[in-house]
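Colleague: Pasting a structure here, questions to come.
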Amino acid sequence: MDTKGSEKKEGEVQKKSPFDLIFSQIQRKKFDKGKSDIFQVKKFFKAFDKDSTKKTNEKTEQDSDNKPVPVDYGDHRNGKEETSLREEDEVDSDTAGWLKAKQFMEKFGKKAEIHFIDLNNCGLTAADIKELGTLMTFLPDAEEIDLSWNELIGGSMMSLTPHLCHVTRLRILSLSNCGLTSVDAGAIAQVIGKMSRMEVLELSENKELGSSMKNFTEELKHCSCLSVLKLRSTGLRQDTINYLSSAFQYWPYLRRLDLSCNKAAGGGFREAAARLTAFKQLELLDIHQCCLSRDDVTALTQVIPLLSNLQSLDMSCNKNIGLSSEHLFSRLRFLPKLKSVNISNCTLKTESFAGLADASHYLMDLQMLDLSWNKCVGGNLKLLSETLKSATDLQRLYLSSCNLVTQDLAVIASAAQNGHLERLEQLDIAYNDTVPDEGWSLFFETVSSLKNIVELDISLRPASSRECGPWFIHLLSNLVKLPKLKELGMQRWALSTAERQQLSRIQRETSINIHYD
């Protein structure tokens, strides 16, 4: 046994002073604490990567490096360590909450986002809405919540709305077609007035909301940032339209207003129309299928010319529009920014169509015009000749079921040949059984001039059946000259075996999808 070595080691231990022992203990505590901090930071960022938490954690690291390390001669914990543990527990709680939110979204095949909660068309139930409400605390930075097309969540908004107070940055709330009830409307109303940043509110396709819109409107007055309001098919009535319009003055930034498909709203625009002038920035007005009365049309005639920023106007499926004088359409000339006009199925008379045709000369930015289901257009399309020349940005033209004749197709063919329809992408001239074979021949001889056409529909009425004439050969020869054509509607045309084979060949050799019976 080496006694000298043992004596040497014992001597070295004896040479260490009490100060050395204290100093080594301090160094060891610094080392252990540094390892603990790094471990906690890595663990935290592995599970939770929110921006606000990241900033808090960086501050914690900086403070740990700068503050002095206390000397601890015992194993008890002091007050500062207990505070640190409480903060660590809070961090763990937030991390666990965020993980629950991620798991909840993943259950519906969605990705968890800090700013967006997209659960559109996910088959949500009332139980899911209740669970989502408990997760709102961990999603305070959400700016958009989309729960649309979940019909089973009607009657369960009380489980969600109280928790929306945590989402102070919410700008967009979409609840379209959710089966919402009047009780839901009350629950939403209680919280909507506190959402000072609300910009977009989508409540369409909830037919039971109309009866509760009075209380709802009172709270909406507080949403001064509102820019988009969609209440399509919500059961609005004449009285609720009048009451709803009382809030118009509180939304100076409104750009899009959709009140369409509320058939009981007719007569309610006599007062509401005048209040539309509060919307100095209004770009879209959709009031189609609202059963507008003659008084409504008269009131709108006075107001619409004042909406100078209007870009899209949809008044379709209101038959009293066509029974009124042409003055409403003649005043569209005062809307220089108008890009989209839809007045299909309005029972237009020759006088009102002439007023529209005259006003449309001034719509230099026109991109979409829908005149479908107005029989008076047939034989009178020549009135739009100047419009087709000036509207060089026209992309969509719908003339379905307009009783078109050969002269009408000649107008379109002439405009195409002269390069006035070079941007046209969609042309619907279906359900015009009144066009004879020579009219179709004239059209298809020049159809190759529509270089940017993507969709073309020449289908016949459902109850019709008719053999193709000599024009079919012109169709075949010009289809291959339309490089962007994707969809061709030819339903109810009675095709021979040879004609079917020729169309099948074209489908194989091109990317055109041809619809025929």
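The values are calculated or read from the model by the stated rules, or taken from the named source; none is laboratory data. Computed from a predicted structure; not experimentally measured. Methodologically, a virtual Cβ is constructed for each residue, glycine included, from the backbone with ideal geometry; neighbour enumeration extends over all protein chains shown. Calculation scope for accessible area: heavy atoms of the full protein, side chains included, ligands and nucleic acids excluded. Shrake-Rupley method; radii C 1.70, N 1.55, O 1.52, S 1.80 Å.
Colleague: State which residue pairs qualify: first residue in a helix (DSSP H, G or I) and inside the range 143-156, second residue of a type in the set (Asp, Glu) and open to solvent by 10 Å² or more (accessible area, probe 1.4 Å) in any location, beta carbons under 8 Å apart, and separation of 6 or more residues or different chains.
Modeller: Hits for this filter: Ile153/Asp128.
Colleague: Condition first: at pLDDT 95 or above, open to solvent by less than 40 Å² (accessible area, probe 1.4 Å), within 19 Å of Gly489 (Cα to Cα) and not hydroxyl-bearing (Ser, Thr, Tyr). Can you find one or more residues in the range 414-423 that meet it?
Modeller: Checked against the condition, which is being at pLDDT 95 or above, open to solvent by less than 40 Å² (accessible area, probe 1.4 Å), within 19 Å of Gly489 (Cα to Cα) and not hydroxyl-bearing (Ser, Thr, Tyr), the range 414-423 yields no hits at all.
Colleague: Quick one: how many residues across the range 454-499 are assigned to a loop (DSSP other than H, G, I, E, B), farther than 16 Å from Asn432 by Cβ and touching a helix residue (DSSP H, G or I) at 6+ places or on another chain (Cβ under 8 Å)?
Modeller: Result for the range 454-499: 6.
Colleague: If you check Asp408 against the conditions, is it under 27 Å from Ala359 (Cα atoms) and crowded, with 19+ Cβ neighbours inside 10 Å?
Modeller: yes
Colleague: I'd like the full set of residues that are closer than 15 Å to Glu151 by Cβ and open to solvent by less than 60 Å² (accessible area, probe 1.4 Å), limited to the range 114-130.
Modeller: Of everything in the range 114-130, those that are closer than 15 Å to Glu151 by Cβ and open to solvent by less than 60 Å² (accessible area, probe 1.4 Å) turn out to be Leu119, Asn120, Cys122, Gly123, Leu124, Thr125, Ala126, Asp128, Ile129.
Colleague: Consider Gly266 carefully, then state whether it is over 29 Å from Arg197 (Cα atoms), open to solvent by 10 Å² or more (accessible area, probe 1.4 Å) and not aliphatic (A, V, I, L, M).
Modeller: Criteria met by Gly266.
Colleague: So, one more: So Lys280 clears everything in (1) open to solvent by less than 10 Å² (accessible area, probe 1.4 Å); (2) farther than 21 Å from Gln426 by Cα except one condition, right? Which one?
Modeller: (1)
Colleague: Would you say Thr277 is under 19 Å from Val191 (Cβ atoms) and of a type in the set (S, T, N, Q)?
Modeller: no
Colleague: Could you please find all residues in the range 145-168 being open to solvent by less than 50 Å² (accessible area, probe 1.4 Å) and either closer than 23 Å to Leu226 by Cα or of a type in the set (Ser, Thr, Tyr) (or both)?
Modeller: Ile145, Asp146, Leu147, Ser148, Ser156, Met157, Ser159, Leu160, Thr161, Leu164, Val167, listed by residue number.
Colleague: Could you give every pair whose Cβ atoms fall below 6 Å, whose first residue belongs to the range 193-205 and is open to solvent by less than 50 Å² (accessible area, probe 1.4 Å), and whose second residue is of a type in the set (Lys, Arg), counting only separations of at least 6 or pairs across chains?
Modeller: So the pair list comes out as Glu202/Lys230; Ser204/Lys230; Ser204/Arg232.
Colleague: Which pairs turn up if I take residues in the range 271-294 that are at positive phi and look for partners that are among the aliphatic types (A, V, I, L, M) and surrounded by fewer than 19 Cβ atoms within 10 Å (Cβ to Cβ) with beta carbon separation below 9 Å, at least 6 apart in sequence or on another chain?
Modeller: Every condition considered, the pairs that remain are Cys291/Ala264.
Colleague: Turning to a different aspect of this structure: Residue under question is Gln426, and the condition is that it be touching a strand residue (DSSP E or B) at 6+ places or on another chain (Cβ under 6 Å) and either buried (at least 17 other Cβ atoms within 10 Å of the Cβ) or of a type outside the set (Asp, Glu) (or both); does it hold?
Modeller: Answer is yes for this residue.
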